[in-house]
């Protein structure tokens, strides 16, 4: 079982822990709903050091075919979201790419797929920074005010980053907040900054992070994304570049078998694995479901058969339990 260098800090703050892909991480600090609301209204602080951080030295034209977002066209100082696909167009991983220099890149990966991405990049010079760095996320409308005393981030554009010595700070996040930052720091410096920020921002665990990303319409690998679905089926074709990449030709020929849709529910929260029924027939399966304290209702995602429209009445079933709902447009909230 792995722990981040902030484990003792989480204990001190009263965290309840859970196991996530081999890591013991904070589930919440007493109330996931309170934590999620704090992000929407003020600011929340997350330890996301379980995520993979891979430093890659490569010529951009050599890296180009492996990733669905443009590599060569990405300026130094910018961040791109994209996919690693298999030959049939299935999603092996979704990741963010940071262009640090002309031939130096940082990939931020899901914890479960870090080794997979390392294998995909085995022809390049790769340094795994996961164990020697911390990754924090400070998210919410007051994030800039709280971070500014430590780093001058005012004016940083969305999906851009600045370097402060060995520290990288990007204006990115996994909450849907337009104001939010992800920080990559050496361990000692990261622990010190976490302690200082935890005094003013609400510490948040995985449960709040899940609520926030579902509200914002953001997929999670292992739930909405996997090797069996394509970016087209989860409605993320905007992250497919014009240049060639592994799986591109297969996507042109492969039929769309399922479509990712949102839903709203009443009388309970349909969770991952619930079957979705419309007009008495099974049409899909729930991939994520949460109660949103901001919207005051249950929302989530499901992979369903193509052709079902928003507003379609559905029933979510698991064993003897049934929950009524409707298919809905996502994201469920949009932040400016």
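No value in this document is a laboratory result; all are computed from the given coordinates. This one's a predicted model, so the numbers in the text were calculated from it and none came from an experiment. So basically every Cβ, Gly included, is an ideal-geometry build from the backbone, and we count neighbours across all protein chains shown.
First check a/c for the range 1-59, with a ≥ b ≥ c the square roots of the eigenvalues of its C-alpha gyration tensor; if it is under 1.5, answer rounded, and if not, answer prolate when a/b is larger than b/c or oblate otherwise.
Since a/c reaches 1.5 but b/c is at least a/b, the shape of the range 1-59 is classed as oblate.
Which one of 178, 80, 12 has the biggest mean-square fluctuation once the chain is modelled by GNM with Cα springs under 10 Å?
Of the options given, 12 has the highest mean-square fluctuation.
Over the range 258-328, how many percent of alpha carbon pairs lie in each 5 Å bin up to the one with the longest distance?
Binned Cα distances yield the sequence 4, 20, 35, 26, 11, 4, 0.
Pull out a ≥ b ≥ c, the square roots of the eigenvalues of the alpha-carbon gyration tensor of the range 170-285, then state rounded if a/c is under 1.5, prolate if not and a/b is larger than b/c, and oblate in the remaining case.
Here the range 170-285 falls in the oblate category.
Please compute, over every Cα-Cα pair in the range 127-218, the percentage with a separation greater than 18 angstrom.
Percentage above 18 Å: 44.
So for each of 184-193, 206-215, 261-270 I average, over its residues, the number of other beta carbons within 10 Å; can you give me the resulting order with the highest mean first?
Descending packing order for the listed peptides: 206-215, 261-270, 184-193.
In whole Å, what is the distance between the alpha-carbon centres of the range 265-336 and the range 2-23?
With the range 265-336 and the range 2-23 each reduced to a Cα centre, they are spaced 31 Å.
Rounded, prolate or oblate: which fits the chain when a ≥ b ≥ c are the square roots of the eigenvalues of the alpha-carbon gyration tensor, with rounded for a/c under 1.5 and prolate only if a/b beats b/c?
It is oblate, given that a/c is not under 1.5 and a/b is not larger than b/c.
Summing -39500 (n - 2.57) over the DSSP H runs of n ≥ 4 in the chain and dividing by its residue number, what mean residue ellipticity at 222 nm do you reach, to the nearest 500 deg cm²/dmol?
Result for the chain: -4500 deg cm²/dmol, rounded to the nearest 500.
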